[in-house]
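Beneath this line is the structure, given in structure tokens, with notes to follow.
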Amino acid sequence: MLGHFNFQDFVSAFLVLFAIIDMPGSIPVILNLRRKGKIVKASKTAGLSLAMFFIFFYVGEAFLALFSVDISSFAVAGSLIIFVMALEMILDIEIFKSSTDGPKDSSFFPVVFPLIAGAGSLTTMLSIRAQYDSINILSAIVANVIVIYIVLKLTKHIEKFLGAGGIYMLQKFFGIILLAISVKLFTTNITFIIDSIIKADKM
């Protein structure tokens with residue numbers, strides 16, 4: 001059912017997911033949330049990320065199908081949230097307003113979703129199922145979650161090491177990277193949706 005473990009396939013799957021999750025690049029976002037008084041718990045974020053990945057791995061497509069939502073539409077929705085977060089980082093503005101009755105804990109939103117287990121990483125995970133046995137992908141997910149936990153635990157130390165100026169520069173740089181990722185995610189999937197509509201009309 002899970003297939004055979006292959007170390008090379010495990011490493012390949014790990015690197016693919018590591019690149020798309022880009023946990024080191026999420027550090028400025030997490031620091032920005034904490035400066036706003038939000039709480040991001042390392043253990044809770046890692047646990048929720050693992051649950052999201054595992055659940056989506058097995059029932060993701062079926063779950064979205066219940067709401068007549070395809071992967072491309074899901075990706076477009078995620079890209080819009082990432083786009084807004086990137087604008088906040090680049091322009092020093094607050095679009096996601098903090099209400100007095102809103103939850104202080106930001107471990108799930110927006111850190112787990114859409115930053116870590118977002119449209120890009122979830123769709124990538126589904127796409128590599130054709131290349132690697134399940135055991136190798138699931139092992140790669142666990143390894144990436146361990147990285148997520150370690151990075152979150154070290155964010156305060158990273159902040160002290162870089163200082164206010166370093167964090168500000170990092171925030172701007174990765175804000176632009178996030179913006180580029182959101183635009184690519186949006187254009188790729190909106191094109192697919194438009195093509196699907198055109199093909200459906202021709203039939």
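Of note:
- Per-region count, region 153-170, residues in contact with a Pro (Cβ under 7 Å, 6 or more places away or on another chain) and of a type in the set (Val, Ile, Thr): 1
- Filtering Thr191, Thr124, Thr155, Thr187 for residues that are surrounded by 15 or more Cβ atoms within 10 Å (Cβ to Cβ) and more than 28 Å from Tyr58 (Cβ to Cβ) leaves a single hit, Thr155.
- The set of residues from region 158-173 being exposed (fewer than 11 other Cβ atoms within 10 Å of the Cβ) and modelled with pLDDT under 80 comprises just one member, Ala164.
- Within the set Tyr149, Tyr132, the sole residue that is out of contact with any Pro (no Cβ under 8 Å at 6 or more places or on another chain), in a loop (DSSP other than H, G, I, E, B) and in contact (Cβ under 8 Å) with a residue 24 or more places away in the chain turns out to be Tyr132.
- Where helices (runs of 4 or more DSSP H) fall entirely within region 1-117, those with at least 1 residues that are surrounded by fewer than 19 Cβ atoms within 10 Å (Cβ to Cβ) and of a type in the set (Ser, Thr, Tyr) are at 7-21, 42-66, 71-91.
- Residue within region 102-119 that is within 28 Å of Phe10 (Cβ to Cβ), acidic (Asp, Glu) and at pLDDT 80 or above present: no
The values are calculated or read from the model by the stated rules, or taken from the named source; none is laboratory data. Everything numeric in this text was worked out from a predicted model, so none of it was measured. Every residue, glycine among them, receives a Cβ derived from its backbone with ideal geometry; neighbour counts consider all protein chains shown.
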